[in-house]
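The structure appears below as structure tokens.
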Amino acid sequence: MIGLKEIAQMADVSISTVSNVLNGRKNVGQKTRERVLQICEEQGYMHGTPGKKEKPAANRTIVFIFSDFDRDFYLKIIQGLSDCLTENGYDLVICTNRSSTNFLRASFASGAIILDGSMADDVVASAASAELPIVLMDRIIDNKRTNTSSVLVDNYPVMSEMVQALVDKGYRKFGFVGGLGFTMDTRERFAAFTDTLSRNGIVFDQKHYYHGNYRENSGYQAAKLMLLSNDLPEILVCANDNMAIGAIRAYEENGLRVPEDIAVTGFDDSDTASVAGLTTISIPRYETGYLAAKQLLEMIQGTAGKSPFKIGAEIKWRKSVR
């Protein structure tokens, strides 16, 4: 029996557009609506027949789970998620890890998007199913046995590019402030950092590695420890902007000038980074959210591949580097 996929192909539209037309939603143009309905009539397709593969209208809900609310970081991602889901007739529910178990079930949602590195892989694997596909935005897990996919920032090449440019500018003594060690972002950014230094014959001294947690205060504390050691690097590379901003605050409180006395870089390109003149790496967060939602909808419709989708990023050179 003919289904939504065949109707969509005949009308040259997406499956979600056909679904929106059949469910009476108003986010489809009149000409497209008439074309879809005409094809359905010609093909004898009846809305609600066994050929229909879409989720019932009562369960068109997507859950977004994040670790904690950093407005500057999450807002654009959420906007991208919301825009894609709204265009396709889905509702968005936002929650933190603490309450996620209340929503990670097929009876409540059609699927989930998770941006929370602290949620254990086995928790994700046990929740993911044919009825509840999951898109991860911060990591990859073995998806051969689970219905998961991933949308990731392509950290390695852009971090390598930035560190190589810093070496070319003459920097030789580097410090690094990492985020939470279990996250893929921290691991990939640090690997790119050390690999690039090694290719240039620069040995990174592990005593210049400082552990942070992506929050501004951890960058501030790392910089204070550096100041106490009386062994400052020429440049401090931070795994995100918040920690870089915290480090700059500590340096300036102690009379150091950035970048004259020590240069600093971040990662993310937050609004605060732009105001502070921080050299950083810009992630298209709105587009990342939109693509994560699009990937999940394709999984729901059975048209998505399992390969991770990697998002490119670019360097923003500003005054925190000479």
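Using the Cα gyration tensor of segment 236-311, with a ≥ b ≥ c the square roots of its eigenvalues, what is the shape: rounded (a/c below 1.5), prolate (a/b larger than b/c) or oblate (neither)? Prolate, because a/c is 1.5 or more and a/b exceeds b/c.
For Arg139, Arg172, Arg257, Arg33, what's the fewest-to-most ordering of other Cβ within 10 Å of each Cβ? Could the numbers behind the result be given before it?
Values: Arg139 21, Arg172 13, Arg257 9, Arg33 17.
With the sparsest Cβ surroundings first, the list reads Arg257, Arg172, Arg33, Arg139.
Legend: ranking of residues Val167, Val18 from fewest to most surrounding C-beta atoms inside 10 Å; resulting order Val167, Val18. Over the chain, the reciprocal of the mean inverse Cα-Cα separation, the Kirkwood hydrodynamic radius, stands at 21.6 Å. Using θ = phi - 60° in the Karplus curve 6.51 cos²θ - 1.76 cosθ + 1.60, the 3J(HN,Hα) couplings for segment 126-134 round to 6, 7, 5, 7, 4, 8, 9, x, 10 Hz; x is entered for Gly and Pro.
Here the spin labels are modelled as points 7 Å beyond Cα on the Cα-Cβ line, and at Asn23 and Ser274 they lie 3.4 nm apart.
What does the extension gain come out to for Asn213 and Phe108, with contour length at 0.36 nm per residue minus their alpha carbon separation? Separation in residues times 0.36 nm, less the Cα-Cα distance, equals 34.6 nm. Of the chymotrypsin sites (Phe, Trp or Tyr not before Pro) in segment 102-200, the ones in a loop by DSSP (not H, G, I, E or B) with at most 13 other beta carbons within 10 Å are Phe182.
In µm²/s, what is D for segment 4-43 at 4 °C and 1.567 mPa s, where D = kT/(6 pi eta Rh) by Stokes-Einstein and Rh is the Kirkwood radius from Cα pairs? Walk me through the intermediate numbers first.
Values: Rh = 9.6 Å.
Calculated translational D: 134 µm²/s.
For a modelled paramagnetic label at Leu75, 7 Å from Cα along Cα-to-Cβ, no residue of segment 145-182 is in reach, as no backbone nitrogen comes under 14 Å.
So, in Å, what gap is there between the alpha-carbon centers of segment 124-174 and segment 187-260? Comparing the Cα centres of segment 124-174 and segment 187-260, I get a distance of 22 Å.
Label separation (Trp317 vs Asp168): 0.8 nm, computed from points 7 Å beyond Cα along the C-beta direction.
Working out 0.36 nm times the residue gap between Arg199 and Val93, then minus their Cα-Cα distance, what length gain in nm do you get to one decimal?
Net length gain for the segment: 33.6 nm.
Give the residue from Phe73, Gln43, Leu256 lying farthest towards the positive end of the charge dipole for the chain; charges sit on Cβ (+1 for Lys and Arg, -1 for Asp and Glu) and the dipole is referred to the Cα centre. Going by the Cα projections, it comes out as Gln43. Cross-link partners of Lys306 among aspartates and glutamates, defined as those whose alpha carbon lies under 18 angstrom from its own and excluding same-chain residues fewer than eight positions apart: Asp121, Glu131, Asp138, Asp142, Asp154, Glu298. The length gained on full extension between Gln43 and Gln9, counted as 0.36 nm times the residue separation minus their Cα-Cα distance, comes to 11.0 nm. For segment 252-322, the list of chymotrypsin sites (Phe, Trp or Tyr not before Pro) that fall in a loop by DSSP and count at most 14 other C-beta atoms within 10 angstrom reads Trp317.
Counting helices only, and only those DSSP H runs with n ≥ 4, report the 222 nm mean residue ellipticity of the chain as the sum of -39,500 (n - 2.57) divided by its residues, in deg cm²/dmol to the nearest 500.
Taking each H run of at least 4 residues, the total per residue is -13000 deg cm²/dmol.
Taking other C-beta atoms within 10 angstrom as a stand-in for reagent exposure, Cys238, Cys84, Cys95 fall in the order Cys95, Cys84, Cys238, fewest first.
Going by the alpha-carbon gyration tensor, a ≥ b ≥ c the square roots of its eigenvalues, is segment 155-283 rounded (a/c under 1.5) or, if a/c is not under 1.5, prolate (a/b greater than b/c) versus oblate? It comes out rounded by the Cα gyration axes. Structure note, pairs Lys207/Lys319; Lys169/Lys310; Lys76/Lys173; Lys224/Lys310; Lys76/Lys316: Cα-Cα distances above 24 angstrom occur for Lys207/Lys319; Lys169/Lys310; Lys76/Lys173; Lys224/Lys310.
Dipole magnitude of segment 4-43 about its Cα centre, charges +1 at Lys/Arg Cβ and -1 at Asp/Glu Cβ only, in debye to the nearest 20?
Numbers: 6 positive and 5 negative charges, 53 e Å.
Around 260 debye, computed over segment 4-43.
Read-outs: derived from the displayed coordinates by stated rules, not from any lab. Here the structure is a predicted model, which is why all the values come from computation and not from measurement. Every residue, glycine as well, gets a Cβ built from its backbone with ideal geometry; the counts of neighbours run over all protein chains shown.
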